[in-house]
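Take a look at the structure set out below.
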Amino acid sequence: MKRPSASDVLVIGSGIAGLATALKAAEHGLSVTVLAKCGVEETNTSRAQGGIASVLDAEDSFISHIHDTLTAGAGLCRTEVVEAVVQEGPERIADLVRWGVRFTRVGKGRRSPYDLTREGGHSARRILHSSDLTGAEIQRALTARLKASRGVKLLEWRQAVDLIAPRGQVLGAYVLDTAAGAVETHLAKATVLATGGWSKVYLYTTNPDVATGDGLAMAWRAGAEVANLEFCQFHPTCLYHHDAPRFLISEAVRGEGGILRDRRGKAFMARFHPLKELAPRDVVARAIDSVLKSSGDDCVFLDVTHLPAAFVRRRFPHIHATCMRYGVDMTRRPIPVVPAAHYQCGGVRVDLHARTSLGRLYAVGEVACTGLHGANRLASNSLLEALVFARRAEESLRSGLAPLPKWFRPRRWDPGRAVESDEGVVVTQNWDEVRRLMWNYVGIVRTDKRLKRALDRIRMLRHEIREYYWDFHLTGDLLELRNLALVAELIVRCARARRESRGLHFNIDCPALQARPVDTVLRPPKDPKARRA
Ligand code: FAD
Ligand code: SIN
């Protein structure tokens with residue numbers, strides 16, 4: 001057996017949340033191990049297009065950003081979190097610039113050196129961007145900085161399987177080396193979950209394959225509280241093309257004047273919201289869903305043909321080039337678009353210092369539920385949230401850093417009741433079933449009956465998966481399926497518990513708002529065996 005590796009901090013995930021936490025910890029002299037399930041840059045972060053929201057213009061204000069965030073969050077945001085994130089924003093942007101991120105700038109003589117754009121729900125131009133490849137630029141710069149940092153070990157193709165969590169404290173993780181097919185033990189004084197979201201639980205998504213909710217599932221199995229999982233954000237505008245995976249057409253395209261039209265060319269957003277194309281994302285996604293359901297059409301259209309072609313090509317080079325690859329010249333004809341699952345507002349419940357309900361376990365980024373987004377995330381607030389909470393997690397873990405407890409004896413990973421694996425085709429079939437079921441029954445518009453059916457079927461699927469999970473030849477796919485199915489069940493349980501329609505959760509059978517909204521909190525069973533089942 002390989003000896004367990006040990007570090008001060010184990011960071012699981014290499015997106016903005018993981019890298020920013022690791023960089024901060026390394027700057028304070030801690031030893032850090034960063035795990036990435038695939039290559040370091042295979043993250044949601046790399047795909048972010050629109051940008052990162054922060055108050056950097058003299059005519060903008062913290063109050064206005066706070067107000068917009070609270071409005072989008074539909075009564076469920078934690079005000080102290082919103083204030084902290086917005087007010088710490090400019091300092092965290094300064095960190096990014098110090099780490100080498102290059103944002104698009106404007107010429108001299110303007111109020112801000114940066115080219116600030118606008119997105120849905122924002123009442124001012126406050127989105128910093130790097131052309132339309134903001135996330136790729138952030139990922140590039142932070143990865144380079146991390147690789148040059150002392151005291152940091154970056155391990156790619158390492159898939160965390162489960163947290164090591166004796167007596168309510170997290171002391172590291174069991175990790176599959178996917179190339180070697182072996183499970184390693186990584187011990188740490190503090191563990192940070194930065195595993196991103198789980199939009200792959202839906203059939204159509206803007207997210208890359210890594211977004212399977214491993215962090216959420218591991219945290220649940222270890223005994224951590226989770227919250228608000230019913231709030232799944234669907235991005236209104238993804239390229240509709242049979243050969244294209246759901247490619248995002250940034251909200252910034254609407255921010256620069258793009259108009260949504262139906263198949264007959266009629267603009268329809270005025271019917272749904274006074275802010276039209278710049279209404280909050282949940283409103284726009286539901287409006288498109290409603291137009292598609294009433295017309296029976298496959299897609300609607302996003303029109304920028306009225307904007308100067310040279311501007312469109314310069315402002316959106318990546319989107320323009322990708323659309324061209326699929327035969328759509330957006331300067332000459334409207335882009336066919338549909339909604340797709342995009343972002344998860346709920347997650348592992350944390351306090352203002354990124355602490356979960358388990359000792360020594362922190363959660364940062366999309367995997368965490370901080371209370372910033374409430375029932376609906378304001379566009380471009382998530383990259384900012386990840387940065388602010390990365391610093392908070394690092395500060396808080398550093399102040400509480402303690403040696404591993406004397407009573408703790410590391411054990412090898414226990415494969416449990418190992419049985420012969422089922423055929424690969426069954427695994428693929430189960431993957432498809434979970435994702436299709438979630439899309440059809442737990443999507444943009446929900447009903448009690450669909451949610452009940454979804455729960456029954458997911459429980460059946462989880463039972464099947466349990467039968468063949470504990471295989472000696474552990475594969476990443478199987479681990480992800482196990483996590484995805486658990487996450488699906490937790491989402492449905494949250495959705496059934498909320499007896500109202502609020503923000504991203506819209507249930508035809510409970511259309512009214514409740515007077516005093518509360519978070520949906522799920523607490524795992526006390527018995528570890530019951531949590532693993
Ligand atoms: P990620 O960047 O997703 O990183 C997750 C990491 O965890 C990866 O390294 C992955 O390998 C690792 N991981 C997962 N499971 C395991 C495991 N079991 N073991 C080891 N490692 C694991 N937000 C904005 O604010 N502005 C935008 O403009 C914007 N545009 C977006 C565009 C697209 C197409 C998408 C998909 C999202 C966009 N978002 C945007 C949302 C934002 O990108 C994400 O919320 C954010 O990047 C999440 O960062 P993260 O570090 O939490 O997770
Ligand atoms: C976009 O560019 O539309 C995505 C912004 C976000 O998800 O915050």
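I need a count of the residues in segment 200-214 that are part of a loop (DSSP other than H, G, I, E, B), near ligand 1 (Cβ under 6 Å from one of its atoms) and out of contact with any Gly (no Cβ under 7 Å at 6 or more places or on another chain).
So the answer is 1.
Given the criterion modelled with pLDDT of 95 or more and at negative phi, identify the matching residue among V304, V283.
Answer to the check: V304.
In segment 70-79, is there at least one residue being within 17 Å of R398 (Cβ to Cβ) and more than 16 Å from ligand 2 (Cβ to nearest atom)?
no
So which residues in segment 338-366 are among the hydrophobic types (A, V, I, L, M, F, W, C) and either away from ligand 2 (no atom under 16 Å from the Cβ) or surrounded by fewer than 24 Cβ atoms within 10 Å (Cβ to Cβ) (or both)?
V338, V348, V350, L352, A354, L358, L361, A363, V364
Only one of A72, A94 is closer than 23 Å to A354 by Cβ and free of Cβ contacts under 8 Å to residues at least 60 places away in the same chain. Can you tell me which?
Residue meeting the stated conditions: A94.
Please identify the pairs in which a residue from segment 427-447 that is assigned to a helix (DSSP H, G or I) has its Cβ atom under 8 Å from the Cβ atom of a residue that is surrounded by 19 or more Cβ atoms within 10 Å (Cβ to Cβ) and β-branched (V, I, T), counting only partners at least 6 apart or on another chain.
N430/I465; V434/V201; V434/I458; R435/V201; L437/I458; M438/V201; M438/I491
Of (1) among the aliphatic types (A, V, I, L, M); (2) within 28 Å of E230 (Cβ to Cβ); (3) in contact (Cβ under 8 Å) with a residue 60 or more places away in the chain; (4) not in a loop (DSSP other than H, G, I, E, B), I66 satisfies all except one. Which?
So the condition that I66 fails would be (3).
Output the number of residues of segment 243-290 satisfying the condition of being more than 30 Å from D209 (Cβ to Cβ), within 15 Å of ligand 2 (Cβ to nearest atom), in contact with a Leu (Cβ under 9 Å, 6 or more places away or on another chain) and in a helix (DSSP H, G or I).
Here the count works out to 1.
Looking at segment 28-42, can you tell me whether even one residue there is in a helix (DSSP H, G or I) and within 16 Å of ligand 1 (Cβ to nearest atom)?
no
Determine the pairs where a residue that is on the phi < 0 side of the Ramachandran plot, located within segment 134-152, has a partner that is in a helix (DSSP H, G or I) and within 16 Å of ligand 2 (Cβ to nearest atom) with Cβ atoms under 6 Å apart, the partner being 6 or more residues away or on another chain.
G135/T45; G135/S46; G135/R47; A136/S46; I138/I16; Q139/T45; Q139/S46
The values are calculated or read from the model by the stated rules, or taken from the named source; none is laboratory data. A quick note: this is a predicted structure, and the numbers were derived from the prediction, not measured. Methodologically, a virtual Cβ is constructed for each residue, glycine included, from the backbone with ideal geometry; neighbour enumeration extends over all protein chains shown.
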